[in-house]
Each structure stands twice: as C-alpha cells, then as structure tokens.
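Please read the structure below before turning to the comments.
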Amino acid sequence: MNQQEYLDIARQVLDRQLIDSNNIPCGKADDLEVECGPGGRLKMTAILVGPDARARRLPGLLRTLARRFLGDKVVRVPWGEVSVITSQIKLKSRASELGLDGAERRAARLIRQIPGA
Amino acid sequence: MKKALEIFLGILTAMGGFVEIGELVFSINAGAKFGYSLLWVVALGTIGIIIYGEMAGRIAAVTGQPVFYLIRERAGFVVGLGTLVAANLVNLLTCAAEIGGVAILLKLALNWPYRVFILLGLIFFLLVMWFLPFQWIERTFGLLGLLMVVFMLTAILLKPDWPQAAAGFIPNVPALESPKEYLVYAYFAVALMSSIMLPYETYFYASGGIEDHWTPSDVPLNRIIVTVGFVLGSLLAVALIIMGARLFLPNHIEPQLPGSAALGPVIVFGKWGLALALLGMFFAFGGAAIETCLSAAYNLAQFVGWPWGKFRKPGGAPRFALAWITMLILAGLLITTGVDPVSVVEYSIIFSVIILPLTYLPILLVAADRTCMGAFANRWWANTLGWFYLIILTIAGLCAIPLLIITHGGKG
Amino acid sequence: MRRATQHGRWLQSAVALLIIGGLGFWFTAEVNKPLGAEDLKIAVSELRSHAAEGRLIAEQALSARLTATFFQTQTSMLRDKAGAVVKDLNSTAPRAGLEEELSRVKAFAERISADLASLSSSFDDRQEMSRLQEDLDTVFRQALEMEESLKH
Amino acid sequence: MKRLSEILYLKVVTEDGKFLGHAIDFRSAGEPEHGDSRDERAVDEIVYARFGMLERLGLRKAEEKTIPMNSVRAIEEDRIVVADAEAG
C-alpha cells in the first residue's frame, strides 16, 4: 500500500512480523544489525531474531533475567533474504532453511503426541 | 443469503458473549446500590467498545493485523511487552474467575464438592478447545449464552419505573448521604465501564476476524455485527441493573454470589427461571473462560511472532496451542486455591482499566493511518470519538486503584 | 508512527507508579488498621445483606420456587460468607470505645450464620424454614438499624 | 557492528553541543523491497524530532526533520554528532 520511494527502518522493519516463503509466521524483526563505516556511514546488513535480540532491548535487570530464563539464542537473517516489505516482511526461503523453526519444531514434537493434533 | 446468515449468527454470538461473571456482579450491584442512576455508564461503555471493536475488526479485515502486532509495532517493544504482561495477567485472573463461576453454577445444580467441578470444568474446556473448530466454539457458547435473555424478561416483568430508568441513561450523580457514598458511586462507574470495555473482547474479536479470514469486503459486516451485537448485548447489562434496582435494592441485598442473580428469574418464573438462568450463566461464563484464555495465547503468539490461530491444527501452531493449554491449567490451579471468583474478577476488572489506554492507543493510531488503512481509515468522527474515549479511560485508569482502596472494593 | 512510543512511555510510567503506589498503600492499610467504626459499618451491611438474602431465599422456597440443591448450596454459601465476617471480627482488635458495638455485631454475625446454617438443612421442614425466615427478618431489621446508627 | 536498538532514540547534537532532538528513525533511499534483491541497505538520512510534553502526551504531532548521513560526524554511545551547518 505504501508507494513511498524510501524505507524508514525503525518504523517499517523493526518489530514487524516475518513470514517465510510459504507465508508461515517465523518470528519478528526483533532487532537489526547495522554496520558503521567511517564518519557516519551506516548500512543495514541483517535482521536479528530471537530471545537474545529481544533481551538486549530491555533495561538492565530485566535484560539479565530475560537472558537467564529465555536463553541467549539469536538468529541472523541476512538482508539479502528479504523479499517483500509490506505490513509484514516476507523472506525468500523457508523458516527451516533460515534456522527460524527450532523452538516451533520442538513444541510440535510435544503437541503431536496428543491425539487430534 | 449466506452473508445474511453469517451476519445474523455474528450478531447473536456477539450478544450472547457480551456478559461475563464480573459484568454480571457489577451490574446487579450497581442497581442494588444506586438504582437506575448508573445506566448511563452502560451506554457510555457500550459506545466505547463498539468504536474500538469496530476499529480493531476493520484493521484485521483490511491489513490482516491483530491487536498485538499493532501494540508492538506502534507502542514499541518495551511498552508493548509491559502491555502484554499486564493484559495476560488480567486474562489469567478473568479466566480463573469464570472457571470458578462455572464451578459454582454446577454446584448450585448438583451440589458435589466445588473442586470436583473446577476439575470437570477444566477438562470440559480443554476438550472443547482441542477438538472444536473456532467458529463452533464461538457460536455454540455465544448462542447458548443467549439463554441470559431470561434476565431481560425478568427485568421487564419486574415492572421497572420506565421514565426513571430512561432518566438514568442521562449522565447524572444522584444525591447521596455521605462523601464516601460518592466515592463508591465513582468506583462503580469506573468498574462498570471497565467490565463492559474489558480489553480481551477487542483482542479476541480482532483475532477472531482473522480466524474467519476476513477481507476488506467484510468491513460492513464487521460494522453491523459490532454495532447491533454489542448494543443487544448491553441490553443484558441494562436488564441486570434494572433487576438489581427492582429486586435487590428494596430488599437491601448486595448480591455477592452468581447464585443470587438467579433469584430474579426464580421470583418471576419459578423453577424454570432458575434452570434457564443457571444454564445461561454457564454458557456466558464458559464462553468468557475460553475467550480469555485464547486471547492470552493470541496476545503472546502475536507479540513474539509465532504461527497462531485455531484455524491451524494444534500441530500447525504448537507453541500457540501450548500457550492456551498452559493458560487454562494455570487459571484452574489459581481458582482451586479457594479464592472467591467474584473478588478475583473484581480485581481483574479494576486492573484492566489501567491497560485499556495502552491497548486502545495503538488501535486508534493504526485505524487513523491512511498509509496502511487506505480508503478504510477512520473518518474524523471516529478519530474524535476515539480520542474522547482514550481520555476518559486514562482518567478512569488513574482513579481506579485509589478508588478500589478507599472504598474497600465498593463496600463503603 | 513510533511517536506512539513517546506517549506509550509516559502512560506506562504513570501505570507503573500507580500500581506500585496503590499496592504499597493497600498493603500498609491492610497491615495496621485497628477495627474502626467504618469497618464495623461495612461488616454490618454485609451481614444485613446476607440475612436479607437468606430471608428472600426462604420465602421463595416456601412458595416452592426453588430446587432442594439450589436452596441448600446457595444458603450454605451465604453461611460461609457470614462465617468469614465472624472470622474477620474475631481476628482484629477494636478501636477504643467500639467494644460494645463490636460485640453486638459479633452477636449478629453468629446468629445470622447459625440461622443460615440451619436454614440450609431445613428444605423439607416448612415450619423450621418459616421460623428461620422470621428470625432472619428480625436480625435483618436490627442490623439495618445499627447500620444507620453507625453512619452518624 | 552495532544494533539498530542501540542507536535508535539517541540524542542528536551539533559539534558545538547544540541539542537538535532525538533520532526517531533511519531512512534509506529506494522503495521498500518488493521482490528485488540487495544484500544491504545504506542509511541516507536520520529522522529526528523534539518531544515536548504535548508530544509525549500525544496531544501534538512531533515535527520531524531529517539530516543527510554525510553530515553526520560521529555516532557515539549516547549521542549522534552532526555538523554545525545542520543546526539551522
């Protein structure tokens, strides 16, 4: 819907929903990796997903707690994987290929043991 | 034709799902303490929930985004997380209270030990949520919750003083004996408002729209369902207030038990009234229990970006499924400790006033935003009303806890 | 759009302050409060309400509009509520000068919960039921009077 | 190597210490991705704004200004320093 000729990284990428090539939700853009060149040059190189990326955005004590209880896993999705940006961010590969499906797979193994799952 | 049926069912579902244990208790007590004079709060609250329910539904239909996507994207990660925690705490408390309420109702009908019924209720809900598809759950409980209509008939047959009742719809403060009484009045106004605008209704409604795969073409449907459904639903709250005013006020009773509510239909219809009242409340509370615990799972999954929704089989959204199962069991454990469901829900309602602004602000911002809503963005009047309610709710939120403490939870 | 963060932050801090302050206030209030006229009034009005409801239920049962289960369960739940009031009253010491009122309230509380207790087992005994109904009626009126007197 | 969350909302000041506002976003030229592929996206402008009480309460929209990245002198722990020329 937005036909603007620029991209506002914080407002249009950060905290947005990621969906993989099969349109399956696979996490949020919890943070972004930016490369600082000489002077003030900045480049976005990757989307970071996972508990650690989230934890780092919390204030002091909460951050340590979050790290302890939710682990410090973080998955790096190279910017080259980004396919389409609308209100969601569509990726080019499947969640499994990007390593974004770990927890989901473990939960599935558990749930599938219940009849009717 | 199919559309017409969908609208019809949607309306009835929204109506049947409108009242839960907290709203029931607060409405009856509002009537039992202050007669008809708090009816205006029901009107105010109903318009509010219609405004924001419609916005949330419209956003879901147009952008496919549920409430907690918006909260995280617009309010930011930290504030969003705060809202998530608060919202799900309220969901947990409410869910626990509804389960307790259901157990009490079953006890009133069969008189086995209370905790046996908590367990049975829990198992029943788990099975229903595991096996039934979303629409079935929503409609079964919504439609059977319509048995609550017995309270409307009761209210009418109790021959209320209609002109006086009508006057109650105009914002007013009655002449009361002591300053303390005015605080109690304020407390009930805030609580009633909150019980009608409980945040989970918006979370659930918007996520439900996505469960039903709404598209922009469903925007009118959404509008009709919200407006007609919630107005009809609020008539139940009105009926409960009238019942309180006509039956409990003159008898100097301030009902503290779900069973007390059934006395109205009993007096008018005898044993049949009793049966209908108990059944109606059973499905109303049960529906609310399921909605609150699903909402909690929706909120969490939407905030961290998991696959979610009942339209996916549990195996297709495993963490979502785990979330609602855990939620339901936690609620069950909480209520098994023997805490009084009614006081639990009173707290949850007061605390939810505080998260209402945090929930509604992002909805308002997105609904007003042309870049993502396009032609479906708010008109000026929707924005004005939206901000109006946001201010009211912020004020209410600021008064909520002080009032709770000063008035000893409305006891005086 | 992230402007939201700004008012969000503001709202959140307000909320946090409210919750913490509120809970603190609440807690201190709960811990060190001797039983004042206020609390007595609240206790009496609760008892008054329970007595009145017991009376109403008895009346409905006498005109055969209630099932045995509902009657028994509802009345025994009411009894528990009255019992809880008794417990509260016994657990806290009254403020000076209120001893006499306190003992009267306790008397009400015990009488009412006793009445409700026997009421819940009187479904098949109409005479007993109407006797209890009358008794609850008298306690109710006395409680109502006392409530009024405590208001001033 | 930094994270967006570390530089978002930093103070924006000129070399002689004049406070301009807070960095509320980083703008990159070129439409949002729609199928095309690039391995990285350069940031071209910093979007900043001043937040008074009214803006915080949401009663007034904060006025957004932008600074081209090439006039950014340094990105420090707690602030972004830009050339004096931008102070206007």
Criterion: at the interface with chain B (Cβ under 7 Å from one of its Cβ atoms), acidic (Asp, Glu) and within 24 Å of B:Lys107 (Cβ to Cβ) - qualifying residue of C:Glu59, C:Glu53: C:Glu53
Unique match (being basic (Lys, Arg) and more than 20 Å from B:Leu221 (Cβ to Cβ)) among B:Lys3, B:Lys33: B:Lys33
Residue in segment B:14-36 that is in contact with a helix residue (DSSP H, G or I) (Cβ under 6 Å, 6 or more places away or on another chain), at pLDDT below 90, open to solvent by 20 Å² or more (accessible area, probe 1.4 Å) and over 30 Å from B:Glu177 (Cβ atoms) present: yes
Some residue of segment C:102-118 being surrounded by fewer than 20 Cβ atoms within 10 Å (Cβ to Cβ), in contact with a Leu (Cβ under 8 Å, 6 or more places away or on another chain) and not in a helix (DSSP H, G or I): no
Any chance B:Leu247 is at pLDDT 95 or above, more than 28 Å from B:Ala4 (Cα to Cα), of a type outside the set (Lys, Arg) and touching a Ser or Thr at 6+ places or on another chain (Cβ under 7 Å): no
Among (1) in contact (Cβ under 8 Å) with a residue 40 or more places away in the chain; (2) buried (at least 17 other Cβ atoms within 10 Å of the Cβ); (3) farther than 18 Å from B:Ser195 by Cβ, the one test that B:Ala377 misses: (1)
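With the requirement that a residue be open to solvent by 40 Å² or more (accessible area, probe 1.4 Å) and on the phi < 0 side of the Ramachandran plot, what does segment D:12-26 give you?
Matches in segment D:12-26: D:Glu15, D:Asp16, D:Lys18, D:Phe19, D:His22.
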Counted residues, segment C:1-24 - those being open to solvent by less than 50 Å² (accessible area, probe 1.4 Å) and modelled with pLDDT of 75 or more: 7
Residue in segment B:75-93 that is open to solvent by less than 10 Å² (accessible area, probe 1.4 Å), more than 14 Å from chain C (Cβ to nearest Cβ), in a loop (DSSP other than H, G, I, E, B) and of a type outside the set (Phe, Trp, Tyr) present: no
Odd one out for A:Pro78, checked against (1) within 13 Å of the chain's Cα centre (by Cα); (2) more than 10 Å from chain D (Cβ to nearest Cβ): (2)
Test: residue in segment B:248-259 that is among the aliphatic types (A, V, I, L, M), closer than 21 Å to B:Phe169 by Cβ and open to solvent by 10 Å² or more (accessible area, probe 1.4 Å): yes
Residue that is part of a helix (DSSP H, G or I), within 12 Å of chain C (Cβ to nearest Cβ) and either more than 24 Å from the chain's Cα centre (by Cα) or without any contact (Cβ under 8 Å) to a residue 24 or more places away in the chain (or both), where the choices are B:Ile401, B:Ile405, B:Ile363: B:Ile405
Total residues in segment D:1-11, condition over 11 Å from D:Asp78 (Cβ atoms) and either part of a helix (DSSP H, G or I) or open to solvent by 20 Å² or more (accessible area, probe 1.4 Å) (or both): 5
Test result for A:Leu7, touching a residue at least 60 places away in the same chain (Cβ under 8 Å), within 10 Å of chain D (Cβ to nearest Cβ) and open to solvent by less than 40 Å² (accessible area, probe 1.4 Å): yes
Count - residues of segment B:142-198 that are at positive phi and not in a loop (DSSP other than H, G, I, E, B): 0
B:Leu385, sole failed condition from (1) open to solvent by less than 40 Å² (accessible area, probe 1.4 Å); (2) more than 12 Å from every other protein chain (Cβ to nearest Cβ): (1)
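Looking at segment B:99-111, can you tell me whether even one residue there is of a type outside the set (Asp, Glu), touching a residue at least 60 places away in the same chain (Cβ under 8 Å) and under 19 Å from B:Phe320 (Cα atoms)?
Filtering segment B:99-111 down to residues of a type outside the set (Asp, Glu) leaves B:99-111.
After this cut, where a residue has to be touching a residue at least 60 places away in the same chain (Cβ under 8 Å) as well, the list is B:99-106, B:108-109.
With under 19 Å from B:Phe320 (Cα atoms) added as a condition, the list becomes none.
Within segment B:99-111, not a single residue is of a type outside the set (Asp, Glu), touching a residue at least 60 places away in the same chain (Cβ under 8 Å) and under 19 Å from B:Phe320 (Cα atoms).
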Top-ranked residue of segment A:81-98 - restricted to ones that are outside any strand (DSSP E or B) and not small (Gly, Ala, Ser), ranked as farthest from the other protein chains (Cβ to nearest Cβ): A:Glu97
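Filtering segment B:97-112 down to residues that are of a type outside the set (D, E, K, R) and within 11 Å of chain C (Cβ to nearest Cβ), which residue is most open to solvent (accessible area, probe 1.4 Å)? Lay out the reasoning, then the answer.
Filtering segment B:97-112 for residues of a type outside the set (D, E, K, R) gives B:97, B:99-106, B:108-112.
Right, trim to within 11 Å of chain C (Cβ to nearest Cβ) and you get B:104-106, B:108-112.
Values: B:Ile104: 11, B:Leu105: 6, B:Leu106: 43, B:Leu108: 2, B:Ala109: 53, B:Leu110: 88, B:Asn111: 63, B:Trp112: 127 Å².
Out of the qualifying residues, it is B:Trp112.
The values are calculated or read from the model by the stated rules, or taken from the named source; none is laboratory data. Note that the structure is predicted; figures quoted are calculated from it, not measured. Every residue, glycine among them, receives a Cβ derived from its backbone with ideal geometry; neighbour counts consider all protein chains shown. Ligands, DNA and RNA are stripped out before the accessible areas are found, and what is left, the full protein with its side chains, is counted by its heavy atoms. Shrake-Rupley method; radii C 1.70, N 1.55, O 1.52, S 1.80 Å.
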